[in-house]
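Notes follow once the structure below has been shown.
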Amino acid sequence: MLATLETAKLDLSMNVNGQAVRLWVSPFTTLLEVLREQLELTGTKYACGEGECGACSVLLDGRVVNSCLVLAAECAGCEVVTIEGLTTNGKLHPLQQAFVDHGAVQCGFCTPGMIMAAYALLAANPNPTEADVKRGLEGNLCRCTGYRKIIDAVLSMARGGRSDD
Amino acid sequence: METRAGYRVATALEVAARIATLERATLFAGGTDLLPRWSKGVLQRPEVLVDLKRIPELKGVSRNDAEVSIGPCTPLSDLAVDPIIRQTAPVLAEAAGRVACAQVRNRATLGGNLCNASPAADTAVPLILLDATLELTAIGPGGPSVRDVAITDFFTGPGATVLAPGEILTHIRFEPQPPGTFAAWDKFGTRPSMEIAVASVGVALRLEGGTVTWVRVGYGSVAPTPLRGRAAEAVLTGSPLSMEVIERAAAAARAEIAPITDVRASEAYRRDVVGVMLGRMLKHAGHA
Ligand SMILES: Cc1cc2nc3c(=O)[nH]c(=O)nc-3n(C[C@H](O)[C@H](O)[C@H](O)COP(=O)(O)OP(=O)(O)OC[C@H]3O[C@@H](n4cnc5c(N)ncnc54)[C@H](O)[C@@H]3O)c2cc1C
Ligand code: FES
Ligand code: FES
């Protein structure tokens with residue numbers, strides 16, 4: 001995908017989910033807006049827009065960030081991974097599968113952000129304790145599940161990705 | 001330097017300082033204070049931003065024989081796990097690691113936390129305990145000029161500092177405290193995560209033969225600026241950490257702060273909490 005969208009003044013090149021993208025953004029456009037509106041990667045959610053909920057979490061050069069608090073312009077030359085980037089050839093990533101298997105999804109609105117935060121947590125700490133998982137997901141709100149099943153899903157990955165609990 | 005509409009990326013300090021001065025650009029680091037304020041409309045978006053994060057000398061932690069130096073654009077997530085900081089200033093590492101959540105700490109910088117000048121800035125009290133010095137750099141007609149300001153002189157009110165327009169915080173420095181220095185910092189909120197402190201308290205001290213020979217006390221979220229606790233220090237200096245002295249220090253703390261009532265807590269509650277927190281830390285120091 002090499003998109004060039006003549007929408008604003010600023011020429012931005014970055015890598016999203018392994019593909020080079022080039023587009024025009026205005027200086028105050030957030031990474032979240034670019035992902036959802038220009039690249040149509042709507043897995044990343046917009047909720048609070050001010051860093052409180054984590055629904056917009058993505059990886060930026062390997063670190064989890066709230067894409068609503070990042071200017072697209074800051075991402076020149078950076079690598080971005082969104083929830084769509086975890087799936088390969090239509091096959092869910094084991095962490096995504098763990099959320100399915102553990103019933104860690106209800107309305108699903110928080111799920112992409114939860115999974116990206118959990119992904120970053122597991123990359124830094126492949127064997128987290130329950131306390132580590134709670135800490136790693138402290139910036140992600142869920143209004144449905146009560147968190148228990150989300151924590152179980154992430155903990156199941158600590159035992160090598162088996163989801164048999 | 002790259003020119004991209006109103007957004008400029010500086011890769012050299014002097015360029016950033018020039019853009020900041022000549023174009024009245026807003027200095028931009030992690031954006032975690034600026035972006036929410038722009039989107040909520042409490043702060044107008046500026047014409048020009050200058051992003052400081054790609055200036056190598058403004059990032060990272062280094063140490064020589066005399067002092068530790070931190071680049072203002074160091075993200076709080078890096079500071080929290082930095083081996084030099086964990087060794088020389090564990091309370092700063094702790095405070096950095098308790099700001100917000102991973103997503104915010106990966107962007108938020110130490111310099112932004114200080115220059116934003118919230119009375120609740122979590123990294124300010126640990127730096128008060130360390131007698132930290134802030135190096136400020138400006139570009140004048142005669143070229144760059146640098147001045148050092150003590151952390152206690154840096155804040156002038158909520159959201160206000162001694163920074164002149166265009167002036168950049170370029171280093172945060174402190175001398176490591178001698179071995180045997182006790183230090184503690186804690187913040188209190190209604191939940192453990194994602195919490196702007198109702199109050200924060202820090203204390204650093206040294207004891208000789210049971211007597212306090214040196215002490216620093218600091219408070220956050222309980223005055224227009226992060227505050228050094230000089231009255232509590234005066235009670236403690238030269239005294240043993242007896243229950244009576246600890247109670248007098250806690251009373252001095254409750255009296256010297258100037259909290260307000262807001263959505264997080266009442267003034268009276270904040271005074272109480274600060275006294276309790278300081279008292280607990282001092283009891284702990286006595287047993288440490
Ligand atoms: C959801 C959420 C939760 C938060 N929780 C906490 C918390 O628990 N504790 C806490 O202390 N803070 C908290 N914050 C506030 C914020 O994350 C910190 O203050 C952060 O450290 C600011 O750094 P920044 O790099 O993002 O600053 P920016 O937003 O980039 O800048 C902040 C201000 O500092 C100025 N500035 C930045 N760098 C420099 C420099 N080198 N020289 C001169 N001026 C400069 C900017 O011009 C601006 O005015 C929270 C924020 C959010 C969004
Ligand atoms: S939408 Fe970004 S944190 Fe809530
Ligand atoms: S599943 Fe609905 S918000 Fe988490």
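The values are calculated or read from the model by the stated rules, or taken from the named source; none is laboratory data. Small disclaimer: the values here were computed from a predicted structure and weren't measured. For neighbour counting, all protein chains shown are included, and Cβ atoms are generated from backbone atoms with ideal geometry for every residue, glycine included.
Below is a table of values for the structure above.
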| item | result |
| --- | --- |
| Tally, over segment A:57-75, of residues that are at the interface with another protein chain (Cβ under 9 Å from one of its Cβ atoms), touching a Cys at 6+ places or on another chain (Cβ under 8 Å) and either more than 24 Å from residue A:9 (Cβ to Cβ) or part of a loop (DSSP other than H, G, I, E, B) (or both) | 1 |
| Every residue from segment A:30-41 that is touching a residue at least 12 places away in the same chain (Cβ under 8 Å) and either within 10 Å of chain B (Cβ to nearest Cβ) or assigned to a helix (DSSP H, G or I) (or both) | A:30, A:31, A:32, A:33, A:34, A:35, A:38 |
| Evaluation of residue A:100 against (1) outside any loop (DSSP other than H, G, I, E, B); (2) away from ligand 2 (no atom under 16 Å from the Cβ); (3) not assigned by TED's automatic domain parsing to the domain that holds residue A:125 (one fails), failing number | (3) |
| Matching residues in segment A:10-25 - criterion: being loosely packed, with under 13 Cβ neighbours inside 10 Å and either over 20 Å from residue A:85 (Cβ atoms) or of a type in the set (A, V, I, L, M, F, W, C) (or both) | A:20 |
| Enumeration of residues in segment B:120-175 that are out of contact with any helix residue (DSSP H, G or I) (no Cβ under 7 Å at 6 or more places or on another chain) and of a type in the set (Gly, Ala, Ser) | B:120, B:140, B:142, B:143, B:145, B:150, B:157, B:159, B:160, B:164 |
| Residues located in segment A:39-64, provided they are surrounded by 19 or more Cβ atoms within 10 Å (Cβ to Cβ), away from ligand 1 (no atom under 11 Å from the Cβ) and within 18 Å of residue A:25 (Cβ to Cβ) | A:39, A:41, A:44, A:56, A:58, A:60 |
| Selection count, segment B:1-53, where residues are more than 12 Å from chain A (Cβ to nearest Cβ) and either aromatic (Phe, Trp, Tyr) or part of a helix (DSSP H, G or I) (or both) | 10 |
| Test set (1) part of a helix (DSSP H, G or I); (2) buried (at least 18 other Cβ atoms within 10 Å of the Cβ); (3) more than 10 Å from ligand 1 (Cβ to nearest atom) - residue B:86 fails condition number | (2) |
| Those residues of segment A:76-97 which are hydroxyl-bearing (Ser, Thr, Tyr) and not in a loop (DSSP other than H, G, I, E, B), in sequence order | A:88 |
| Residues that are touching a residue at least 40 places away in the same chain (Cβ under 8 Å) and within 16 Å of ligand 3 (Cβ to nearest atom), drawn from segment A:67-101 | A:83, A:95, A:98, A:99, A:101 |
| Residue ID - surrounded by the fewest Cβ atoms within 10 Å (Cβ to Cβ), chosen from residues in segment B:201-221 that are more than 20 Å from residue B:150 (Cα to Cα) and in contact with a helix residue (DSSP H, G or I) (Cβ under 8 Å, 6 or more places away or on another chain) | B:207 |
| Positions within segment B:181-207 being at pLDDT below 95 and not hydrophobic (A, V, I, L, M, F, W, C), in sequence order | B:189, B:190, B:191, B:192, B:193, B:195 |
| Any hit, segment B:54-61, residues being assigned to a loop (DSSP other than H, G, I, E, B), in the same structural domain as residue B:110 (by TED's automatic domain parsing) and surrounded by 21 or more Cβ atoms within 10 Å (Cβ to Cβ) | yes |
| Scope segment B:229-288; condition under 23 Å from the mean Cα position of the chain (by Cα) and not in a helix (DSSP H, G or I); matching residues | B:229, B:257, B:258, B:259, B:260, B:261, B:262, B:263, B:264, B:265 |
| Cross-chain or 6+ apart pairs with Cβ under 9 Å, segment B:144-170 first and of a type in the set (Lys, Arg), then surrounded by 13 or more Cβ atoms within 10 Å (Cβ to Cβ) | B:147/B:135; B:147/B:136; B:147/B:137; B:147/B:138; B:147/B:167 |
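Here's the yes/no breakdown for (1) on the phi > 0 side of the Ramachandran plot; (2) at pLDDT below 95; (3) touching a helix residue (DSSP H, G or I) at 6+ places or on another chain (Cβ under 9 Å); (4) among the charged types (D, E, K, R):
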site: B:39; (1), (2), (3), (4): no, yes, yes, no
site: B:60; (1), (2), (3), (4): yes, no, yes, no
site: B:68; (1), (2), (3), (4): no, no, yes, no
site: B:96; (1), (2), (3), (4): no, no, yes, no
site: B:113; (1), (2), (3), (4): no, no, yes, no
